[in-house]
Amino acid sequence: MELALDPAQYGMVLAIMGGLLSISILADVIAARTAVPRISLLVLVGVVVAAIQQWGLGQPAGPLTTLAEPLIQLALVMVAFLLGGEFTWDRLRTLGPVVGIFSLTVVLASGTAVGLGLWLLGFPVILAVALAAISVATDPAAVSETIHELRAGNTRAGRLLLSTVAVDDGWGIIVFGLAMAFLGWHASGDGLQAFLEALWELGGAVALGVIVGIPAAWLTGRLEAGEPTLVEALALILLLAGGAALLNVSELLSAMIAGAIVANLASHHTRSFNEIDYLKWPFLVFFFVLAGASLDLNMLGSALGITGAYILLRILGRYLGGLLGARAVAGRQGALPAGIGMALTPQAGVAMGMALLAGERFPEFSATLMAVVVGSTVFFEATGPWLVRRTLRNNAMTDNNKE
């Protein structure tokens, strides 16, 4: 097989990858000394790269190299696999019906507000449904880090939020899969063929997760005291990413299913795939920068309206979802602040991954989707932690007044 790049080009690719990792260290330093989230900094680095590429060099918009797609896919599979590992029977029993009711209410309210709102504003159905599914995802790190920073993990609101963000992206992956299946049916002239393709994409993803997850649960973690080795972790991630690409099924859903199976069946594991957790950040660095670099800067002006509408509708959906969810669980959970849904506004990696995947499926809307999600991610990552703090402080004041 002939290589797509000559040695000089490969050298440039490796130098760029090294440079991006070096920049990520600088981003960590800046984030530690300022209030700017490091994810936003990495995305902005990608936007600068896009400006140099498109305006300076006159090249078309798109990822930097042919290596961008596999790097992005690997990052998404790692995140989805680790997310699936959170869905153990013990944890689900601990979370109980309160979290299920509350999180599902927020998911339905957010998706409905964004999808229906964009459709009523006259935007295409594909954009409205795709962004409705993307709106469901939350950045769990931003929420949980802020809760721990305020030492609010023992408050009612803090406990509910920590439990909710643990399952929120799981809901998001399921909703996104269903949305892509619906859009495939909507865009196809052949309803039966579209239905079969959607059934394969979702059912095949579940089957792939089971086929990879069951052997992995039994085979891994036996070489070193219950903890899978780096080789085992990489093999599993590559099998899931490659299998999903070959079979044309949802890599997010298959990886989440595999992660859940390993976490539940591998009773000999003492630490399930910490190696993946350690390994994922370098890939996420590439992911966030390349996502920013994929932005078509010429679309920024035309996408400004839909970006603003998406941000406002998502905030409205989170607020209404939190309000309805708090009322739905009030008898079991006790009083919660009406604005608790606002603490679920941070959004980052999973949303960007969904936008990239939706853009691959519907290339005519790819530029708009990336412009909306990149712009809104920077906004939500900057304002989300502040909204979490505000919600938790209001909850603390409510508790103090009751005392």
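Just so you know, all these numbers are worked out from the coordinates, no wet-lab data involved. Predicted model only: the values in this text are computed from it and were never measured. Here the Cβ positions follow ideal geometry from the backbone for every residue, glycine too, while neighbour counts run over all protein chains shown.
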Problem - Projected area averaged over orientations for the stretch 278-379, convex hull of C-alpha atoms, nm² - result: 8.5 nm²
Practice task
Using the Karplus curve 6.51 cos²θ - 1.76 cosθ + 1.60 with θ = phi - 60°, work out ³J(HN,Hα) for each residue of the stretch 81-86 in order, rounded to whole Hz, and write x for Gly and Pro.
Solution key: 5, 5, 4, x, x, 7
Problem - Neighbourhood charge, 15 Å Cβ-Cβ cut-off, centred on Val129 and excluding it, Lys, Arg +1 and Asp, Glu -1 - result: +1
